[in-house]
Amino acid sequence: MENAFAENSPQTRQVLLVDDEDQFVAQMSRLLKKRNFQVTTARDGSQALALIEDHTFDVVVLDIRMPVMDGMTALGLIQEKKSAPAVIMLTGHATLETGIEAIRNGAFDYMMKPCDIEDLVAKLNLACTVGQIRRRPILWPRSLAGELILNSFRRIEDTDPLLEAYSLLNHRLTKMAGETLFIVDKNDRLTGHLSKQDIVDSVARLRGLNTITWGELSTNPQWLPELKVGETMHRDTVSAEPATPLKHVAKIMMEKGIRTLPVISEDRKVLGVIRLRDILVYLDSAEDTTDEPFEE
């Protein structure tokens, strides 16, 4: 078993990075190579397809906007290939519609540029592992919440100003962790959660308005009240412990209609977040190889 896992160790994971921005490609290649990925580069979709014909890649990181052949077109052609590699779409112009289109067309996931290297590495590792599972289902390695924790948890305390939460949600929170902040106290223990909608509702209520949009708030940050995060957040935050089975976590998240969930230790310290999409990818891979029903 150890040898089988070693065959897909980070040192042997092949990544094709496709982007026409030379500086971005150079920087990301350097960072990925430092993390023991083997990186090949291409400047457009056409070059990427030619490389895929002659080489085997575990993951393709594909920009959407490129000359000659754009990322969406290349994605469709990659999906037509037998044993197609996983594709993570990259874009500096992401919208919800763009992401939905990419996923529907077969992309494993998508990220906005500039992307955090650790978040990209987490997605690359997940994509590689899922590909390994589909090829060799006996190696199914994930069954507990603690085994799918992401590195995209952004620490913010309940005593921080609401402006800090706004800044994280508006500029610095990656798509990896969705649109919800999980709030901690000074000892990193979970105290609550806060979303974009919570902030918008708070502003509208204090200003006596029926409703405002996040876009309107983004152009009028002076509307933000001088409150602490703890005065606006929700305290009834659903969480999971590392030993919670993935099927149980997925069931809770789907029932509650939430996309991300904090994983906490016995003393309620936040260890990271787990994402529903990632859980479902693993469970789907497992269901492909077993007759076990999806139940508790």
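The values are calculated or read from the model by the stated rules, or taken from the named source; none is laboratory data. A quick note: this is a predicted structure, and the numbers were derived from the prediction, not measured. So basically every Cβ, Gly included, is an ideal-geometry build from the backbone, and we count neighbours across all protein chains shown. Side chains are part of the model used for accessible areas, which takes the heavy atoms of the whole protein and leaves out ligands, DNA and RNA. Shrake-Rupley method; radii C 1.70, N 1.55, O 1.52, S 1.80 Å.
Suppose R0 equals 41 Å; then what is the FRET efficiency for N105 and L163 from their Cβ-Cβ distance, rounded to the nearest 0.05? Before the final figure, lay out the partial values.
Working: r = 38 Å, r/R0 = 0.93.
It comes out at approximately 0.60.
Calculate the FRET efficiency for L209 and R155 from the Cβ-Cβ distance with a Förster distance of 22 Å, rounded to the nearest 0.05.
Details: r = 31 Å, r/R0 = 1.43.
Using R0 = 22 Å, I get an efficiency of 0.10.
Given K81/K196; K33/K186; K186/K256, which pairs have Cα atoms separated by over 31 Å?
Working: K81/K196 40 Å; K33/K186 36 Å; K186/K256 28 Å.
Violating the 31 Å Cα-Cα cut-off are K81/K196; K33/K186.
Whenever you get a sec, line up K123, K33, K113 from highest to lowest accessible area (probe 1.4 Å, protein heavy atoms).
K33, K113, K123
Could you pull out every one of the lysines with an alpha carbon less than 23 Å from that of K34, ignoring same-chain neighbours closer than 8 positions?
Within reach: K113, K123.
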